[in-house]
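Take a look at the structure set out below.
Laboratory data are not the source of any read-out in this text; all were calculated from the coordinates shown. For clarity, every value in this text was computed on a predicted model and none was experimentally measured. Ideal geometry is used to build each Cβ from the backbone, glycine not excepted, and the neighbour counts take in all protein chains shown.
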Amino acid sequence: MRLQASIPIIEEIRSITGNAGLSIGVLHKGEVIFRENLGYRDVENKVAPDSDTIFPIASLTKALVAAAFAELVDDGKLTWETKLSDLVPEYKSLTDDIKLPQLVTEANIVDLLAHRLGLTAGNNFWSQKQQIVLADKTETARILGSLQPVAEFRSKMVYSNWGYGLAGEILEDISNQGLGTCLKTKLFEPLNMARTKLGHLDDSNSAKSYMALGDATPFLVPPTAYVEGTARAGAGACKSTVNDLLVLYNSWMGAAAEQQESGNTFSPESPIRRASELWTSHASMTNDTSYGLGWVLTELPGQGGLVGVNGYEADSMPIIAKGTTKQRMVYHQGSVCGALSAVYLLPDTRTAVIVLGNSFDLCDTPDWASQVLLEAILAPTEPNDYIELARKTSANALSHHEPTATQLREEKESGTTPKSLDQYEGRYYNKIGNFFLDISIDGEGLRMAPQGYDAASYSLHHYHNDVFAWDCNRDAESKEALYPQFAIGFHRVRFEADESGNVVQFNWQIDKAIAEGETFFKKAEPKL
């Protein structure tokens, strides 16, 4: 069987990428035809996963949130065009804190669910080290509003976890339920998905979380920061199993086919409503690919993986299933520190490939594994060399930090001295006052603690003049469950003084897409 014959290829990919474990499930023509579990859910104790092992599925959560909105639309509780200003008090009127005026004037539900706002990601306002959530859930709308536009409104898909975080909170307000309860009621219970949830990974058959180091070994880190009840749960808090997801996606494709045939917006045997609308193009990605509502939409032969880690590291994504008959493909990836996931659906043949992993690898192992399995099913005339692709993308991932480290060394000015360290101490806030960094003396340097969390802090050494820095090393970042950060501005903090010589602010590139960085203003001493 071609699927089973693919496993040695996937095992070789795992050895290249530092993957801890994988759980795999395949549907074809609406029937489960393959399950496989590789590696370990618990590396230290050599415990293998099974098809009921719970993994974080990260951004696969987004389709679930979109499906919950489809039910609300079907029930007449809102429309896809309902304006955010009618749902979010912070967007009732335009203020200086809102960088995108359209949030107040015209942005709607689809703009959130299709990533059409055009705002920078701002992920480091949510979490940085040690899987600690830094932002308070009540600040989601203000943080989203404060993010800088990097593309024209509605011009293309610009991925936004903050947008889905806000969408999840809107769901909670309308349903008068927590997001976990809302999705359980609307989706999980009707499908008997008993092992799917948005809470903590506290089940005895849950996968531990790992980060792959440069030598392709997994390093244990705390479990994902995405948990219901905290900021951005709607973007990635779901945890599930291959067995539960096989049920979900089979039902989803069945509902889509039935609704297309009947012209109805619902199906008697599935909780998925308005499936065609979820799979309608709303935002351009490439010439051949677009984003729907929680899903990437394209055709085979064509590229996949465009919302996964591989899309950043590959010179270009391969064409999947070259030489095969044209057909629809709907997919998504998920990535968090400590887990990667992928699902590919071929609705025309009711085929699904699901791969869940419990490590953030040197490249996106579940994505490459999914593509290997797709080609095993479709038998293209020119199959891709996914082992070589894994080698190249892993090497690319490992190539980013050293140039930044070299630049840090080369740009350092010798012979300068800092001010007295106590002059830098204090609490520094962003412009809108809902995110701060505590600066304190740490030996001969400084310590910077986001939102006061010492466990998530950075140890800064004097760089030159009023600039402090810390080393750029991928393995060191991975061991602290920090998403790889190689922008040079992230590794340097530049303090600035007023005319009297008093330190009053500093600049830090907290968002890699904003090259000029962000200014944080000194307002108070850190709390002891």
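Compared with the dominant Cα axis of the chain, that is its longest principal axis, helix 7-17 is turned about 10°. Once backbone amide H atoms are built at 1.01 Å from N, Ile33 has Val26, Leu27, His28 as its partners under 5 Å, excluding neighbours fewer than 5 places away on the same chain. A Cβ-based charge dipole, computed about the Cα centre of the stretch 116-161 with Lys and Arg at +1 and Asp and Glu at -1, lands at about 120 debye.
The dipole here belongs to the chain: it is taken about the Cα centre, uses +1 on the Cβ of Lys and Arg and -1 on the Cβ of Asp and Glu, and is about 560 debye.
Cross-link partners for Lys83 among the aspartates and glutamates, with Cα-Cα distance under 14 Å and sequence neighbours closer than 8 places in the same chain left out: Glu106, Asp111. Each residue, Thr217 and Glu499, gets one label point 7 Å from its Cα in the Cβ direction; the gap between the two is 5.9 nm.
The Cα atoms of the stretch 1-159 define a convex hull whose projected area, averaged across directions, is 13.8 nm². Among 15-21, 407-413, the peptide with the highest mean count of other Cβ atoms within 10 Å heads the list, and the full ranking is 15-21, 407-413.
By the Kirkwood approach, averaging reciprocal distances over each pair of separate Cα atoms, the chain gets a hydrodynamic radius of 23.8 Å. Expressed to the nearest 5 percent, the antiparallel share of DSSP beta bridges inside the chain is 95 percent.
For a straight C-alpha distance cut-off of 18 angstrom, the lysines reachable from Lys29 (same-chain residues fewer than eight places away being disregarded) are Lys326. Projecting the Cα atoms of Thr417, Pro56, Ala212 onto the charge dipole of the chain, computed from C-beta unit charges around the Cα centre, puts Pro56 farthest toward the positive end. In order along the stretch 27-32, phi translates into HN-Hα couplings of 10, 8, 6, x, 10, 6 Hz, rounded to whole numbers, per the Karplus curve 6.51 cos²θ - 1.76 cosθ + 1.60 with θ = phi - 60° and x for Gly and Pro.
Here's how it looks for Leu340: its modeled amide H is under 5 Å from those of Gly357, Asn358, Ser359, which are all 5 or more places away or on a different chain.
Working note: Karplus 6.51/-1.76/1.60 with θ = phi - 60° gives the stretch 37-45 the couplings 10, 10, x, 9, 7, 9, 5, 4, 9 Hz, where Gly and Pro are set to x.
Students often check this: by mean Cβ neighbours within 10 Å, which of 237-249, 29-41, 210-222 ranks highest, and how do the rest follow? If you can, show how the numbers build up before the last one.
Details: 237-249: 25.3, 29-41: 17.1, 210-222: 19.6.
Ranked from most to least packed, the peptides come out as 237-249, 210-222, 29-41.
Counting every C-alpha pair in the stretch 401-524, the share spaced more than 19 angstrom apart comes to 46%.
Listed by chain and number, the lysines whose C-alpha is less than 17 Å from the C-alpha of Lys156, apart from same-chain residues fewer than 8 away, amount to an empty set.
Taking the 0 to 90 degree range and rounding to the nearest ten, how far is the long axis of helix 386-397 tilted relative to the main principal axis of the chain, both from C-alpha atoms? Rounded to the nearest ten degrees, it is 20.
Which of the peptides 417-426, 98-107, 334-343 is most tightly packed, and how do the rest follow, going by the mean number of other Cβ atoms within 10 Å of each residue?
Working: 417-426: 15.4, 98-107: 18.1, 334-343: 28.4.
Per-residue Cβ counts within 10 Å, averaged per peptide and sorted highest first, yield 334-343, 98-107, 417-426.
With angles folded into 0 to 90 degrees, how steeply does helix 365-378 sit against the dominant principal axis of the chain? Use alpha carbons for both and round to 10. Compared with the principal axis, the helix lies near 20 degrees. Relative contact order of the chain: 18 percent, from C-alpha pairs under 8 Å at least 6 residues apart in sequence. When the C-alpha to C-alpha distance is required to be over 32 Å, the pairs from Lys479/Lys512; Lys186/Lys512; Lys92/Lys239; Lys99/Lys186; Lys197/Lys522 that qualify are Lys186/Lys512; Lys92/Lys239; Lys99/Lys186; Lys197/Lys522. Using θ = phi - 60° in the Karplus curve 6.51 cos²θ - 1.76 cosθ + 1.60, the 3J(HN,Hα) couplings for the stretch 51-66 round to 6, 9, 5, 8, 10, x, 9, 6, 6, 5, 4, 4, 5, 5, 4, 4 Hz; x is entered for Gly and Pro. Per-residue ellipticity at 222 nm computed for the chain from its helices equals -7500 deg cm²/dmol, with DSSP H segments shorter than 4 residues left out and the rest contributing -39,500 (n - 2.57).
Note on His401, His115: ascending count of other Cβ atoms within 10 Å places them as His401, His115, the fewest first.
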